[in-house]
Each structure stands twice: as structure tokens, then as C-alpha cells.
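The values are calculated or read from the model by the stated rules, or taken from the named source; none is laboratory data. What you see is a predicted model; the values in this text were computed from it and never measured. Please note: Cβ atoms are built from the backbone with ideal geometry, for glycine as well, and neighbour counts cover all protein chains shown. SASA here: full protein model, heavy atoms, side chains in, ligands and nucleic acids out. Shrake-Rupley method; radii C 1.70, N 1.55, O 1.52, S 1.80 Å.
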Amino acid sequence: MAIEKGIRLGTMTLAGLRKSGGLEAALKGFQRFYIGPEFCENLLGRGLCGEAAWLQEKGKKVCLLTPMISEKGAGLLDALFKDLLKLVKSGRLDPEGLEITANDFGAIELAKRNRLPFKLNAGRLLRNTVFNDCEKSLTVNNGLALDFFSELGINRYELSTIGAAPRINFNQGRRYGFDRRSFKITLYYPYLNLTSTRTCLVGMRDVPPEEAARGVACSRECLISSFELAHPSINEKMLIRGNTVFLEFAEQFYTSEKDLARINVDRLVYAPFP
Amino acid sequence: MKIVSCFTELKELEPLAKAGADEFYTALFGLPAFSFGTLPGPDIVPAIKTVHALGKKIAVALNALNAPANNKRLREIELRVRELDKLGVDAFIVANPYLLGLFSGRGKRLRAELHLSSVQPVFNSLSAAFFSRFGLSRIILPNQLSPYEARKTLAFCRARGIETEIFDYRFFGCAYVNGRCKLHQPGHYTLKSVMPDGDLCRINARAGGLVKLKTLDLPGRAGELPALVKRLEHRFTCGGAPRLSNAASFFDFFASGVQYLKYGTRHDTPEVKVKKVGELRGIIDLAEKLTAAKPKAEARRAFILELTRWNGGGF
């Protein structure tokens, strides 16, 4: 089984990647590009359609990441989905070469309502509905959890490295009611998203008691930088980008593709920054 | 607006009812529930009887998002839930879709109602529509949602006859998306020493030197960095991300017709539980009194002013 290699651009656009001088190397080194905001709806923009089409022209596969969404994000995402459909209709986008990752059940509902012809994935924010990923283990909660997503057409789950070869229960499928061949894992490295908030740690202003905030407003401060937090009670450094706190696991825990196949990983996604 | 109160001991029920609780919920040992604090299993039968004798309803939390269960364990969960259903539990609070499926469509439908836990957050009306297919009777809204953002969801629920519930902003309010946070327990990191006072998301230390730059991606905006570092340090040492829940948001949810207000800190002592439920009763009474006496905008202003004076109630 060949491992597909992807790159997650995160807060960086293709233009930004080009400007940084990294575009050529990325095009050369990765088969699939992960574009779009994974954690925050304020970064949803219609420019993502053009990026997807351009990347396909360059022979790359694309995965559009979508975040948790409020009503505002649902509107933006709906517009984005409709633009993607237009590109498909005009022949500028191959639906086979585009996947959508959902991190909100509202995004799944929207994809179904728009009858999107793209494969859907369950994103990292939905991981615990199916997997238990703590204490150096990665176990399927139950076969019914996999069935639930499978009925929605979702068989691929996005997870993060936990810095070690995890203990798994994939070979105990009969005990848990699943077949390990029924799902695939996309593994992000080297950052694990530890926790997220809607109300951005970096960008959103505090809300006084007399004000009912209409939503999460920011100046896209997450685009400026990421930060390192030295927590006085925790040994590891925590990293912050926008509304999400990450941990970094720099060590490569596998030595061969066989090690990855053991944990159902057939796709690795490199995130150059949190 | 009615009050839903947690309880973990039988002796809490009557005092909580006197303090103003209209409904009760608890978690039971052996069933997958979010957070900690459970009623001993055998106490559920007398609890159901007591609650019903008080003319009120009782729900059981089945709302662990992460609910690992091999086939044997799943059968045990299912049998226990169906037994509780027969015993008269009025509702189950569920988060994981596979359990929702098991007790609504895929398996035999329960007699009891199904409430969607805030641990499975509904941030938009599309999610509400998605989960409504499980035959929910109530959606418990996450605290990281403003009344303005919830308008369409509330309208959807009203149209479908689905009840809505919010948390009291003073006694609940994780800064992170509830149920998905991996910061509270050292599952992926190691602790230097014993846990500090308070949660790990509220650093028990003075601001200064905790946050530094990792990567600078937009040098043109580097001038904003000192303010951002200061903001981050403040947030990590003083309680986390900004809160959408406050006096104003409570009033707006109240005025929007949200039917239930939840108090859910199960590990509080019985005395604190009663006191907090009394505080919940107090703000509902105040909102009702002001709304009856004044135009809406004026009532809202007066309510916020009154709650701004609230001194923590001795908690």
C-alpha cells in the first residue's frame, strides 16, 4: 500500500506559499494539498475554489478543510459549495480529485443538501465520536460509530500523530463490531490539536456584561503568527494559533509504511506550522 | 423558563425542588456520561419515585462523546438504558450519534425522550436539522453560541416543537468547546507536578514570560505582537477565551423563548447545589418581573444592571 503524502497549508494561502518561495517544493513533494480553514469560520473565503482548480490543473489532488460553523459560517460555506459545483459543471474541477473534510455536522448536512459529488471525510474535531485517542492509544469506540459515518458516505477519518505508535483495537474488530478494512485514517503531523474554542484566544475582544456579542469578530490575528506557551504545570510546550491549542510531536514514530498500515494510515499530511 | 438541576444524592432532591428546580438530571455509574459525579446505581429507583412524587421530571446523562464499548459492554449499556426507560426515566441526555441511533432509529425507540447534549455542540440550524432526525425533544445549546447566532436554530426548534435549553453563565462556562477539550487531563502531555488549583486551562500563575513567539508569518503586522502576547497571557492566567455567555446573552435567550436553564456542576456539595439553584430561580424571577413591568429594551437594561451588581453570591 503506497502512502499518499499531503500538505496542510493552514492559514497560508497559495499566494503566500508562492511568496515564501515554498510553492515549487510543495508541488514537487506532495500529491494532495489541504486548503481551507480547519478550525475557524472567519477564514472561509471563496478564493479557495480558485486555489482548488489551480492545484488540479497542476495535477494535484485537493482536500478542502471546513471548520465548525455558526450560521455565518454556514452561509459562507454554502456559497463556497455552490461555487465548487459551478466549477465542476464547467469542467474546471474534477470531483474525483477533490475531497471535503467536515468538522461540524452542519457542514455534512450542507454537503448533503447541495448534493456535492465529492468524497466527505470526518475532520479532527469530530474524532472522538469514533475514536478514543488518549494515553498513547487509538481505539475505535464501537462499530456502530463507524456505521453511523459510513451511512453518511464517510469512511476516512482525520487524526493527529500522538508521538508514538499507538496501542490499537483494530484487530479486535469482532469484539467491537467492526471490520478494520471499512475505514482509513489520514494522519496529520507533527501537531496535535489539543483543544479549540470558538471565541478566539488571540483575536476576539472580551465581551462586557452589558453587551451580547453577535458572534466571533476578529482581525484575523491568527494569520500573523503562532505562539508558544510555557505552562507552569506541564512539561511540554503548548502552541497556539488563533482559536486552537496544539502540541508538537516532532519524533517520527514509524520506520516503514508497514507500521502505518498497521494503524490503517494510508495518507500522511504534513503541517509546516500549527 | 424552567430550571433543570443536577443531583448526585437522594437527599438533594427535595431541597433542590424547594429552591426552584423544575426538572432533575443525574449520571449513573456504569453509563457513559461526560464529566464526573454519579448517583449510586441502586438509588435511581427511589430517585425516580421521589422526583415523580414531586410532580417533576428526571433525566439521565448518557452524554460521553467518547463512549468506547465493545459488544458486551454495549449490550450492558443498552440493557441498562432500556431498564431505566421501563422504570420511568423521562429523558436521556445523549451526545454520541451512535448512541442516539441505537435508541432512536436503529434500535427499538425508547419511551423516554432524547435530549441532545451540549457536548455535541449545535452551533447552527443545519446541525439542529441533522440531529432532529433522531427524534430529539430537546437541544441543549453550547455556551459558546450567542443569542444572535442562535436565532435560526431557535426558530427551527420552535417550528419543530423541539425544546431548547441553555446553561447558567455564572456557574458554567468552559472556555473551550465542551466535550472535545483534551486540555483537562494529561492524556497527551505530562505534568511537572501535581495538578494546580483550578483547571489546567486556567493557569495558576502570574502573567509574564509564559507566552512567546513561535512563528512570524506576516512580518508586516509584527507591530501587533506585543498586544497579542499580553492578551494571550491574560487569557491563560485569568480564565481563558472570551465568553459569549453573560447577563445580556442570558436575557436575550430568555426573551427568545428558550424554555430551560441548566445548572450542571454535579460535583458541587449538596449545600452549594441548593444555593446555586436558588440563584438560578432568582435571575429567572427577575427577568420575568422586569419583562412584565417594562418595555423590552428597558427591562433588558435593568436586568443587566442588576446582574452586574451580583457579587458572586458567596461562591
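At-a-glance table
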{"item": "Test: residue in the stretch B:231-247 that is within 7 Å of chain A (Cβ to nearest Cβ), of a type in the set (A, V, I, L, M, F, W, C) and more than 28 Å from the chain's Cα centre (by Cα)", "result": "no"}
{"item": "Residue count for the stretch B:231-244, restricted to those that are under 17 Å from A:Ser196 (Cβ atoms) and not in a helix (DSSP H, G or I)", "result": "6"}
{"item": "Meets criteria (among the aliphatic types (A, V, I, L, M), open to solvent by less than 10 Å² (accessible area, probe 1.4 Å) and more than 12 Å from chain A (Cβ to nearest Cβ)) for B:Val122", "result": "no"}
{"item": "Filter result for B:Ala27 (within 14 Å of chain A (Cβ to nearest Cβ), within 30 Å of A:Arg175 (Cα to Cα) and touching a residue at least 12 places away in the same chain (Cβ under 8 Å))", "result": "no"}
{"item": "Filter result (touching a residue at least 12 places away in the same chain (Cβ under 8 Å) and facing chain A (nearest Cβ under 8 Å)) within the stretch B:151-184", "result": "B:Arg151, B:Lys152, B:Thr153, B:Ala175, B:Tyr176, B:Val177, B:Gly179, B:Arg180, B:Cys181, B:Leu183"}
{"item": "Options A:Arg174, A:Arg167: the member that is within 11 Å of another protein chain (Cβ to nearest Cβ) and over 19 Å from B:Phe130 (Cβ atoms)", "result": "A:Arg174"}
{"item": "Among the residues listed as A:Cys134, A:Cys222, the single one being assigned to a loop (DSSP other than H, G, I, E, B) and either under 25 Å from A:Leu65 (Cα atoms) or at the interface with chain B (Cβ under 8 Å from one of its Cβ atoms) (or both)", "result": "A:Cys134"}
{"item": "When residues of the stretch A:225-250 are limited to those that are outside any loop (DSSP other than H, G, I, E, B) and open to solvent by 10 Å² or more (accessible area, probe 1.4 Å), the one nearest to the other protein chains (Cβ to nearest Cβ)", "result": "A:Glu228"}
{"item": "Residues of the stretch B:185-202 satisfying the condition of being among the charged types (D, E, K, R) and either touching a strand residue (DSSP E or B) at 6+ places or on another chain (Cβ under 6 Å) or within 7 Å of chain A (Cβ to nearest Cβ) (or both)", "result": "B:Lys192"}
{"item": "Residue in the stretch A:172-211 that is most open to solvent (accessible area, probe 1.4 Å), counting only those that are assigned to a loop (DSSP other than H, G, I, E, B) and basic (Lys, Arg)", "result": "A:Arg205"}
{"item": "B:Leu13 vs. criteria within 14 Å of chain A (Cβ to nearest Cβ) and either open to solvent by less than 40 Å² (accessible area, probe 1.4 Å) or under 24 Å from B:Gly278 (Cβ atoms) (or both)", "result": "no"}
{"item": "Count - residues of the stretch A:57-84 that are farther than 20 Å from B:Lys152 by Cα, over 19 Å from the mean Cα position of the chain (by Cα) and in contact (Cβ under 8 Å) with a residue 40 or more places away in the chain", "result": "0"}
{"item": "Members of the stretch A:101-116 that are surrounded by 15 or more Cβ atoms within 10 Å (Cβ to Cβ) and in a helix (DSSP H, G or I)", "result": "A:Phe105, A:Gly106, A:Ala107, A:Ile108, A:Glu109, A:Leu110, A:Ala111"}
